[in-house]
Amino acid sequence: MAKVKVAVNGYGVIGKRVADAVSKQDDMELLGVVKQHPDYSAKVAVMKGYKVYVPDQASLDNFKKFSVPAAGLAEDLFKSCDVILDCTPGKVGVTYKPLYQKLGKKAIFQGGEKKDVAEVSFTAQCNYDKAKGKQFVRVVSCNTTGLSRTLWAIHQAFGIAESFVVLARRAADPNDIKTGPINSLVPELTIPSHQGPDVQTVIPEVPITTVAIKCSTTLMHMHIIRAKLKKPATKDAVIKVFQNTPRVKLISGVDGFLSTSHIMDYGRDTASLRGGRDDLMKILVWADSISVKGDELIYIMAIHNESDVVPETVDAIRAVMNVCDVKTSMAKTDKALMIGAGEVPAAILVGEKGKETPFLC
């Protein structure tokens, strides 16, 4: 079978990671990326051997002025590909949709766009089949992806009657010097915050209310989840569910994971074992935090907002091209991206009845 030809429109925080991810898939070919400015990231793309295209003639002239090679205009790239990964800033992707429609191309948008931009809002393990063959798919945001992965697993095992989530959000990406509070906590005053309704675009059967607070950090997001379960559960049973959930990793404070700083330090220490980047594409759940009392489950998790949507975007390519089933796609993606490589065994936890419960992440 011929490789799927992929174009990446936008080469920022997500776009550069998606481009790298596509280039590692044995059933995909990265034709090029679109950059507007001839900055250092454009030069890095050229160093990696990626063909860099620009959105318009003015950008092309600017690239020539600064002696950064440009392969041509974005529309030429789009004409030659099978799928366009739109990784442009939020609310920009929708402006490109008419062009994608005119060219008759499939496109995958990111979570910064409204749900109406696509036919399906996507998280691979939850609704892969709904995206099969579609022209437009939206991979939901980093927060929504994390919530969808863990809540879906819990819902499948025990059923969720209701859920309430508090999100402590990072204020900006690490390279962002323009936004974010310096010494403040900024609540999203609308309840539910936008993440709750967004989760329901993926798993509408799970009732959820979310409250979000923007914090003075650029490292990760942190979620505190409370869920009322329909079926009896124990802490050990929940641990086993998360152990068997793709792209979820259990961590423990016993191992020194006491903050998002420690998690990202671990990411840096193990980066060489995963191909060189310190991304953590799994959702990290503190096993210590898991509490089950009656029908109430509570747990705390951390999300590396720069990378958790990357494997979902790769899976979305296979879904829209209808080349394989979800299990095959996720396995291929995870192997190619070395997701899980370099993970250390978690500490032994003491179960609810005093029985030692060893587990590996």
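The values are calculated or read from the model by the stated rules, or taken from the named source; none is laboratory data. The model shown is predicted, which means the values in this text are computed figures rather than measured ones. Methodologically, a virtual Cβ is constructed for each residue, glycine included, from the backbone with ideal geometry; neighbour enumeration extends over all protein chains shown.
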Ser193 - would you say it is crowded, with 21+ Cβ neighbours inside 10 Å, more than 23 Å from Trp286 (Cβ to Cβ) and polar (S, T, N, Q)? no
The lone exception for Leu77 - which of (1) farther than 24 Å from Asp315 by Cα; (2) aliphatic (A, V, I, L, M); (3) in contact with a strand residue (DSSP E or B) (Cβ under 7 Å, 6 or more places away or on another chain) it fails: (1)
Output for segment 72-104, where each listed residue is surrounded by 18 or more Cβ atoms within 10 Å (Cβ to Cβ), out of contact with any Pro (no Cβ under 9 Å at 6 or more places or on another chain) and among the aliphatic types (A, V, I, L, M): Leu77, Val83, Ile84, Leu85
Out of all the residues in segment 296-350, which are in contact with a Cys (Cβ under 8 Å, 6 or more places away or on another chain) and without any contact (Cβ under 8 Å) to a residue 40 or more places away in the chain? Pro345
Subset of segment 162-187 (residues that are loosely packed, with under 13 Cβ neighbours inside 10 Å and hydrophobic (A, V, I, L, M, F, W, C)): Ile177, Ile182, Leu185
Name the residue that is modelled with the highest pLDDT, counting only residues in segment 324-361 that are loosely packed, with under 14 Cβ neighbours inside 10 Å and basic (Lys, Arg). Lys327
State whether the residues of segment 116-128 include one that is free of Cβ contacts under 8 Å to residues at least 40 places away in the same chain, over 17 Å from the mean Cα position of the chain (by Cα), assigned to a helix (DSSP H, G or I) and within 24 Å of Thr95 (Cα to Cα). yes
With a cut-off of at least 1 residues that are under 25 Å from the mean Cα position of the chain (by Cα) and among the β-branched types (Val, Ile, Thr), name the helices (runs of 4 or more DSSP H) lying wholly within segment 1-112. 13-23, 40-47, 93-103
Among Ala168, Ala172, Ala161, Ala157, which is the only one that is more than 13 Å from Met301 (Cβ to Cβ), of a type in the set (A, V, I, L, M) and part of a strand (DSSP E or B)? Ala161
Residues in segment 191-205: is at least one at pLDDT below 95, more than 30 Å from Gly104 (Cβ to Cβ) and among the aliphatic types (A, V, I, L, M)? no
Filter segment 265-297 for residues that are within 18 Å of Thr145 (Cβ to Cβ) and out of contact with any helix residue (DSSP H, G or I) (no Cβ under 7 Å at 6 or more places or on another chain); which is modelled with the highest pLDDT? Lys282
Segment 239-252, residues that are surrounded by 15 or more Cβ atoms within 10 Å (Cβ to Cβ) and either in the same structural domain as Ala331 (by TED's automatic domain parsing) or not charged (D, E, K, R) (or both): Ile239, Val241, Phe242, Gln243, Thr245, Pro246, Val248, Leu250, Ile251, Ser252
